[in-house]
Amino acid sequence: MISITLPDESKKELPEDSNGYDLAEMIGPGLAKNAIAITIDGVQKDLGDTLKNNNIASIITIDSDEGLEIMRHTLTAQVLASAIKKLYPKCKLAIGPTIDNGFYYDVLSEQPISTEDLISIEKEMQLIIQKKSKINKSLHNKTEAINVFKHLDEHYKIKIIEDSEQDEDFQIYTNQDSNFIDLCIGPHLPDLSFIGPFKLTKVSGAYWKGDSQNEMLTRVYGTAWRNQKELDKYLDHLIEAEKRDHRKIGKELDLFSIQEEAGGGLVFWHPNGSRIRNIIEDFWKTKHRDADYELLYSPHIALDSLWKTSGHADFYEESMFKAIEDENQFYQLKPMNCPFHILIYKNSLKSYRELPIRYAELGTVYRHEMTGALHGLMRVRGFTQDDAHVFCMEDQIENEITSILNLTIDMLNAFTFKEYEIHLATRPEKSVGSNSIWEKATSALENALKGKNLDYKLDDGGGAFYGPKIDIKIKDAIGRLWQCSTIQLDFNLHERFYMNYIGSDGQKHHPIMIHRALLGSIERFFGILIEHFEGKFPLWLAPNQVSILSIGDSQADYGELVHDRLKKEGFRVELDLRNEKIGSKIRDHTLKKVPYLIIIGDKEVEDNILSVRSQNGKDLGKMSLDELLEILRKEISM
């Protein structure tokens, strides 16, 4: 007999060679009916995997989040891949992982696969699922696994096996009815009867391993859910997200562009987008000056030796652009701002009386992202971090974290983000620094969160190797979470750069370094704002706050008078005197999502008043210019 510990710490006695099926059956028939996999000592396994004495085990059911993930995994690896091979026999299978809310499979196909083909692929998938086939797993050593896929002429699978560091236990899953097989880390559903409703969503191109030097593959995306209600809700969400796509709105409102002639992943800010960026940056600078930060500017390149000292050359080499030689020295574009702020700190010897020292910079950095990973403003090669570094003593950490949290929440609230998901990430297995400093630092982060009454989730072992951190995800208007703010403690760089301060005892001590970004990057945050507001920016952010539309030529002088007064009061205003019908003008400026429209005709000129409409098309009636100014000032101050 073997003894198995369950999550509630109770124990079950099972015969030798028992597996997940046996454990589920022993716990209860209802559980056995819904069981699809098992967790053994924290690792997800197939129900057929054997249990050992003193294992800690729990059953995964189809109605759990883990079960949904496994269902999606099985759907992509055993159903989507099988359907594509049936319809496109000459295609070669690459990889098919799960992603947020769904899955995809990459294939190399001589015959093009388009969005129009998704319907036929879905039909084939339904035929496969209807058989409710059992999925069997077998284990193979490296040589056996390679031979299996050599026989099938699947060279991507062979490459995956050859590149693997393991020599044994390659898992091959087989559909019992069709004999379709695939290489997979698993676990999979025991049979296809557990597959819920699904929908293939799109087709795109993707480079093998994300490297533009490799061949282009076809990627088929899909989503799957436990029931039709969940699927319908998600599809409605996709439609709403598509309406808000920042790339589409950015083009419609003439905010920015990505110019391929200059290289992908580089953002060109157009006048309208630049106005909003300037507003964001001015707001950011004001908030940081008020919080006692010193604002810095630093170079865009540095000697490669600096990045070796900082460790970026080791940890971020693949993300850094290649060095450029000049006079026997090598320079690299900066991937981060940290080393530059450290050099400024080190420029003079600091006393404990000067700490904390807070440096902030809107610093543009460069990352060598793969072409296939680029995505509008969300993933680019050059972006401006709202970066800051605080140098402090150990006993100042908690106060500094509290101050940073206050500043973070204040700024996010200004952009109407008031719902968050916060994670406290603790020490990983590979890390630097003593246990005592990790405990003090983690406790300081936790106390700061508790002091602000902020709910948080513990990300055990999820910290950086150089220190614990707080990550804040903001929830947008349609409920999506975006990672923006991060606060990280660093016990590593002070040793690499020999940073010191003179303590009250007259001796040299290492400062604690806090890395923090509140918006993440200006580019990505702007993309989030576009989608959050659907391009309908609040008055204080709108690139053009008021449009003045004349009905005919005779109102030009009055229109210019109103324009000049609004501009003098500090508002961003546009005067449209085009010889166009007023309906056409209203439509044009409504599509530009201008918050307020002023319509001027002969009656308005005669009575020295304005006809005003709001962005949502509501007629606000007639009012004086002073009355409009009062409305605008009140809205901006909210």
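Residues Leu139, Leu200, Leu183, Leu152: which one is more than 23 Å from Leu68 (Cβ to Cβ) and in contact with a Phe, Trp or Tyr (Cβ under 9 Å, 6 or more places away or on another chain)?
Leu139
Scan (1) in contact with a helix residue (DSSP H, G or I) (Cβ under 6 Å, 6 or more places away or on another chain); (2) within 27 Å of Lys508 (Cβ to Cβ) for the single condition Asn337 breaks and write down its number.
(1)
Considering only residues of the stretch 24-50 that are under 25 Å from Asp460 (Cβ atoms) and assigned to a loop (DSSP other than H, G, I, E, B), which is farthest from the chain's Cα centre (by Cα)?
Asp49
Is there a residue being in contact with a His (Cβ under 8 Å, 6 or more places away or on another chain) and either of a type in the set (A, V, I, L, M) or open to solvent by 30 Å² or more (accessible area, probe 1.4 Å) (or both) anywhere in the stretch 142-159?
Checked the stretch 142-159: at least one residue is in contact with a His (Cβ under 8 Å, 6 or more places away or on another chain) and either of a type in the set (A, V, I, L, M) or open to solvent by 30 Å² or more (accessible area, probe 1.4 Å) (or both).
So, in the stretch 161-183, exactly how many residues are buried (at least 18 other Cβ atoms within 10 Å of the Cβ) and either under 22 Å from Gly210 (Cα atoms) or among the polar types (S, T, N, Q) (or both)?
Filtering the stretch 161-183 for residues buried (at least 18 other Cβ atoms within 10 Å of the Cβ) gives 161, 170, 172-173, 175, 180-183.
Okay, now just the ones that are also either under 22 Å from Gly210 (Cα atoms) or among the polar types (S, T, N, Q) (or both), so 161, 175, 182-183.
Going through the stretch 161-183 one residue at a time, the tally reaches 4.
Anything in the stretch 237-263 that is part of a helix (DSSP H, G or I), among the acidic types (Asp, Glu) and farther than 14 Å from Ala477 by Cα? List them, or say none.
Of everything in the stretch 237-263, those that are part of a helix (DSSP H, G or I), among the acidic types (Asp, Glu) and farther than 14 Å from Ala477 by Cα turn out to be Glu252, Glu260, Glu261.
Could you check how many residues of the stretch 186-197 are out of contact with any Phe, Trp or Tyr (no Cβ under 9 Å at 6 or more places or on another chain), in a loop (DSSP other than H, G, I, E, B) and of a type outside the set (A, V, I, L, M)?
Residues that pass the stated criteria total 1.
Which numbered condition in (1) open to solvent by 50 Å² or more (accessible area, probe 1.4 Å); (2) over 30 Å from Val107 (Cα atoms); (3) in contact (Cβ under 8 Å) with a residue 40 or more places away in the chain is the only one that Gln44 fails?
All conditions are met except number (2).
Tell me whether the stretch 184-207 contains one or more residues that are within 24 Å of Gln111 (Cβ to Cβ), without any contact (Cβ under 8 Å) to a residue 60 or more places away in the chain and surrounded by 15 or more Cβ atoms within 10 Å (Cβ to Cβ). Before you say what the answer is, go through the steps one by one.
Going through the stretch 184-207, the residues within 24 Å of Gln111 (Cβ to Cβ) turn out to be 198-207.
After this cut, where a residue has to be without any contact (Cβ under 8 Å) to a residue 60 or more places away in the chain as well, the list is 204.
From what's left, surrounded by 15 or more Cβ atoms within 10 Å (Cβ to Cβ): none.
Within the stretch 184-207, not a single residue is within 24 Å of Gln111 (Cβ to Cβ), without any contact (Cβ under 8 Å) to a residue 60 or more places away in the chain and surrounded by 15 or more Cβ atoms within 10 Å (Cβ to Cβ).
Regarding the stretch 118-139, can at least one residue be identified that is β-branched (Val, Ile, Thr) and under 25 Å from Asn214 (Cα atoms)? If you could, list the steps in order and put the result at the bottom.
Step one: list which residues in the stretch 118-139 are β-branched (Val, Ile, Thr), which gives 119, 121, 128-129, 135.
Now narrow it down to the ones that are under 25 Å from Asn214 (Cα atoms): none.
Scanning the stretch 118-139, I find no residue that is β-branched (Val, Ile, Thr) and under 25 Å from Asn214 (Cα atoms), so the answer is no.
If we keep just the residues of the stretch 72-87 that are open to solvent by 40 Å² or more (accessible area, probe 1.4 Å) and touching a helix residue (DSSP H, G or I) at 6+ places or on another chain (Cβ under 7 Å), which is farthest from Ser193 (Cα to Cα)?
Leu87
Residue pairs, Cβ under 6 Å, 6 or more apart or interchain, first in the stretch 57-69 and touching a residue at least 12 places away in the same chain (Cβ under 8 Å) and part of a helix (DSSP H, G or I), second open to solvent by less than 30 Å² (accessible area, probe 1.4 Å) and not polar (S, T, N, Q). List them.
Taking only residues 6 or more apart or on different chains, the pairs are Glu66/Ile60; Gly67/Ile36; Gly67/Ile60.
Among all residue pairs at least 6 apart or on different chains, which show Cβ distances below 9 Å where the first residue, located in the stretch 137-148, is more than 21 Å from Pro187 (Cβ to Cβ) and in contact (Cβ under 8 Å) with a residue 60 or more places away in the chain and the second is assigned to a loop (DSSP other than H, G, I, E, B) and open to solvent by 60 Å² or more (accessible area, probe 1.4 Å)?
Taking only residues 6 or more apart or on different chains, not a single pair turns up.
What number goes with the only condition from (1) in a helix (DSSP H, G or I); (2) under 22 Å from Thr74 (Cβ atoms); (3) in contact (Cβ under 8 Å) with a residue 24 or more places away in the chain that Ser178 does not pass?
If we test Ser178 against (1) in a helix (DSSP H, G or I); (2) under 22 Å from Thr74 (Cβ atoms); (3) in contact (Cβ under 8 Å) with a residue 24 or more places away in the chain, just (1) comes out false.
Suppose we keep only residues that are outside any loop (DSSP other than H, G, I, E, B) and open to solvent by 40 Å² or more (accessible area, probe 1.4 Å) within the stretch 303-318. Which one would you say is nearest to Glu495 (Cα to Cα)?
Thr309
Give me a count of the residues in the stretch 626-638 that are farther than 23 Å from Leu255 by Cβ, open to solvent by 30 Å² or more (accessible area, probe 1.4 Å) and assigned to a helix (DSSP H, G or I). Before you say what the answer is, go through the steps one by one.
The initial filter retains those residues of the stretch 626-638 that are farther than 23 Å from Leu255 by Cβ, namely 626-631, 633-634, 637-638.
Adding the requirement that they be open to solvent by 30 Å² or more (accessible area, probe 1.4 Å) leaves 626-627, 630-631, 633-634, 637-638.
If we keep only those that are assigned to a helix (DSSP H, G or I) as well, we get 626-627, 630-631, 633-634, 637.
Residues flagged as farther than 23 Å from Leu255 by Cβ, open to solvent by 30 Å² or more (accessible area, probe 1.4 Å) and assigned to a helix (DSSP H, G or I) within the stretch 626-638 amount to 7.
Condition (residue is surrounded by fewer than 16 Cβ atoms within 10 Å (Cβ to Cβ), out of contact with any Leu (no Cβ under 7 Å at 6 or more places or on another chain), in a helix (DSSP H, G or I) and free of Cβ contacts under 8 Å to residues at least 60 places away in the same chain) applied to the stretch 88-106: is it met by at least one residue?
Within the stretch 88-106, not a single residue is surrounded by fewer than 16 Cβ atoms within 10 Å (Cβ to Cβ), out of contact with any Leu (no Cβ under 7 Å at 6 or more places or on another chain), in a helix (DSSP H, G or I) and free of Cβ contacts under 8 Å to residues at least 60 places away in the same chain.
If the Cβ limit is 7 Å and pairs must be 6+ apart or interchain, which residue in the stretch 1-23 that is in a strand (DSSP E or B) pairs with which residue that is hydroxyl-bearing (Ser, Thr, Tyr) and at pLDDT 80 or above?
That search, which allows pairs on different chains as well, returns Ile2/Ser18; Lys11/Ser3; Lys11/Thr5; Glu13/Ser3; Asn19/Thr50.
Identify, from the list Ile279, Ile342, the residue that is open to solvent by less than 60 Å² (accessible area, probe 1.4 Å), in a helix (DSSP H, G or I), β-branched (Val, Ile, Thr) and more than 20 Å from His389 (Cα to Cα).
Ile279
Please indicate, with yes or no, whether at least one residue in the stretch 403-412 is under 25 Å from Phe465 (Cβ atoms) and in contact with a Cys (Cβ under 8 Å, 6 or more places away or on another chain).
Going residue by residue through the stretch 403-412, those that are under 25 Å from Phe465 (Cβ atoms) are 404-405, 408.
Going one step further and asking which of them are in contact with a Cys (Cβ under 8 Å, 6 or more places away or on another chain), we end up with none.
Checked the stretch 403-412: no residue is under 25 Å from Phe465 (Cβ atoms) and in contact with a Cys (Cβ under 8 Å, 6 or more places away or on another chain).
In the stretch 208-230, what residues are open to solvent by 40 Å² or more (accessible area, probe 1.4 Å) and in a helix (DSSP H, G or I)?
Hits for the stretch 208-230 are Lys209, Gln228, Lys229, Glu230.
Tally time: how many residues in the stretch 42-76 are of a type in the set (Ser, Thr, Tyr), touching a strand residue (DSSP E or B) at 6+ places or on another chain (Cβ under 7 Å) and over 29 Å from Glu154 (Cα atoms)?
3
Does Ile530 count as at pLDDT below 95 and in contact with an Asp or Glu (Cβ under 9 Å, 6 or more places away or on another chain)?
Taking the combined requirement at face value, the residue does not satisfy it.
Identify, by number, the condition in (1) part of a helix (DSSP H, G or I); (2) touching a Pro at 6+ places or on another chain (Cβ under 8 Å); (3) closer than 30 Å to His155 by Cβ that Val79 doesn't meet.
If we test Val79 against (1) part of a helix (DSSP H, G or I); (2) touching a Pro at 6+ places or on another chain (Cβ under 8 Å); (3) closer than 30 Å to His155 by Cβ, just (2) comes out false.
Do we find a residue being within 26 Å of Lys593 (Cβ to Cβ), of a type outside the set (D, E, K, R) and crowded, with 17+ Cβ neighbours inside 10 Å anywhere in the stretch 234-243?
no
Quick one: how many residues across the stretch 287-302 are on the phi < 0 side of the Ramachandran plot and either open to solvent by 70 Å² or more (accessible area, probe 1.4 Å) or small (Gly, Ala, Ser) (or both)?
10
The values are calculated or read from the model by the stated rules, or taken from the named source; none is laboratory data. It should be emphasised that the depicted structure is a prediction, and the values quoted were computed from it without experimental measurement. Using ideal geometry, Cβ is built from the backbone for each residue, glycine included, and neighbour counts are taken over all protein chains shown. These area figures cover heavy atoms from the full protein model, side chains too; ligands, DNA and RNA do not enter into them. Shrake-Rupley method; radii C 1.70, N 1.55, O 1.52, S 1.80 Å.
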